[in-house]
Amino acid sequence: MKIPLKYILGNFKTRRLTTGITVLGVALVVFVFAAVLMMANGVQKTLISTGSSQNVMIARKSANGEIGSIIDGESVNTIMTLPFIAKNAESKPIASGEPVVIINLDKIGGGMSNITVRGVSKEAFTLRSQVKLREGRLFNFGQREIIVGTSIEKRFNGAKIGDRVRFAGDDWEIVGVFDASGSGFESEMWGDAVQLLQAFNRSNSVSTLTLRLESEEKFEDFKKAFESEMRLKNFEPETEKRFFEKQSEMMSIFIKVLGIFITLIFSIGSTIGALITMYASVSSRTTEIGTLRALGFQRKSVMAAFLTESIFLSLAGAVLGILIASFLSFFTISTLNFGSFAELAFAFALSPSIVISSLLFALFMGILGGFLPAMGASRLKIVDALRSA
């Protein structure tokens, strides 16, 4: 004979204080757990959305990011002759050789951070259709002017339209602000690639080359043609989407490992709290447990009732923790991207998998915290339990 669910739920009302404390404890742990996963997911979403599956990025083999890559001008010209590259109205390849450098800028509120400056050609705006000018105007090619992403404008001093940023021994005027649909490009400054190469004395060598394929399905064909060209053996093509996805992996793993370690520390405290709560519940309900056993309820039914009670407490805390964590989606933060060693702004991102993981994590805490007290309750002898009345 099973103990009715109504009886289990009724116990929460009679012990409101201990129930509330336990639920809040679990909610705090689940909030931290979900926040960590949302942070890692936010980094991934931001960087993955930076790339397109139809675009291909060429970089030097074994380069950890664009900063560590360099492609000489001769190799760029060789790549441009390969088949399957989309052409513009003038029958020229849709491609942009891009030098990428890092500069320092003072943050609003104090401190300094690294900023990515990307040199682009006119075709870059065809390749990245998500990049839209929000204020001001586009920089003039042939002049030392730059446009900045919305994240840079919001978080750094001297990053407004009309301000001048000094690097490479010269002043670069900010003439516009752009957004990029929340992608990583919003954490960059863009200027004329030729001007950037001249400023850093890099001749015609770029960091990466981005090009548009005739279609996404042509990537494997393009890759075969690329690998068959012996002059390009030091370089490697990736879809732009995959290139930036790889950039997010190290950062995402670091956030998850560090965050889960912190969460585990919190979870130990929460589990101990659940243990104490359930043991106190067993202690205060000894006579009640004896009565249940005298009425014919089996040991396993008593154990299941107390374990279910612990699980309900944990799941209630999980729902509360996830609900609070969901409000983080309205916030954007920034950190140093390990792939580029530059500032990256991103938003917390909640997903169904994070919700499920958080619920399972809370369920595990509930089972762990309720098992021993439930076992103890089921082992109480009827006579001993009734005598304590």
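Worth pointing out:
- Taking residues in segment 130-141 that are touching a residue at least 12 places away in the same chain (Cβ under 8 Å) and among the acidic types (D, E), and partners anywhere that are outside any loop (DSSP other than H, G, I, E, B) and surrounded by 14 or more Cβ atoms within 10 Å (Cβ to Cβ), the pairs with Cβ atoms closer than 8 Å and at least 6 places apart or on different chains are E135/G176; E135/V177.
- Options V30, V43; residue that is at pLDDT below 85 and closer than 30 Å to L360 by Cβ: V43
- Selection count, segment 164-187, where residues are acidic (D, E) and either open to solvent by less than 50 Å² (accessible area, probe 1.4 Å) or under 23 Å from G109 (Cα atoms) (or both): 3
- Test: residue in segment 120-128 that is over 18 Å from L209 (Cα atoms) and open to solvent by 70 Å² or more (accessible area, probe 1.4 Å): no
- Only one entry of A385, A318, A362, A325 meets the criterion of being modelled with pLDDT under 75, part of a helix (DSSP H, G or I), among the hydrophobic types (A, V, I, L, M, F, W, C) and open to solvent by less than 10 Å² (accessible area, probe 1.4 Å), and that entry is A385.
- Every residue from segment 181-231 that is part of a loop (DSSP other than H, G, I, E, B) and of a type in the set (S, T, Y): S181, S183, S203, S205, S207, S215
- Subset of segment 152-176 [in a strand (DSSP E or B) and closer than 19 Å to G142 by Cα]: R164, V165, R166, F167, D170, D171, W172, E173, I174, V175, G176
- Single unsatisfied condition, S207 versus (1) surrounded by fewer than 13 Cβ atoms within 10 Å (Cβ to Cβ); (2) among the small types (G, A, S); (3) closer than 21 Å to I103 by Cα: (1)
- Every test in (1) of a type outside the set (K, R); (2) open to solvent by less than 60 Å² (accessible area, probe 1.4 Å); (3) out of contact with any Ser or Thr (no Cβ under 6 Å at 6 or more places or on another chain) is passed by I161 save one, and that test is (2).
- Number of residues in segment 127-152 that are under 22 Å from the mean Cα position of the chain (by Cα) and charged (D, E, K, R) equals 1.
- Residues of segment 46-68 classified as in a loop (DSSP other than H, G, I, E, B), farther than 28 Å from T332 by Cβ and either modelled with pLDDT of 85 or more or polar (S, T, N, Q) (or both), total: 2
- You will find that of E216, E236, the residue that is out of contact with any Pro (no Cβ under 9 Å at 6 or more places or on another chain) and surrounded by 14 or more Cβ atoms within 10 Å (Cβ to Cβ) is E236 and no other.
- Scanning segment 56-101 for residues that are touching a residue at least 24 places away in the same chain (Cβ under 8 Å), under 23 Å from E249 (Cβ atoms) and exposed (fewer than 14 other Cβ atoms within 10 Å of the Cβ) yields one hit, K61.
- Search result, residues across segment 138-158 that are aliphatic (A, V, I, L, M) and either modelled with pLDDT under 90 or open to solvent by 10 Å² or more (accessible area, probe 1.4 Å) (or both): L138
The values are calculated or read from the model by the stated rules, or taken from the named source; none is laboratory data. Please read these numbers as outputs of a predicted model, since none were measured by experiment. Note that each Cβ is placed from the backbone with ideal geometry, even for glycine, and that neighbours are counted across all protein chains shown. We work out accessible area using only protein heavy atoms, side chains counted, and drop any ligands, DNA or RNA first. Shrake-Rupley method; radii C 1.70, N 1.55, O 1.52, S 1.80 Å.
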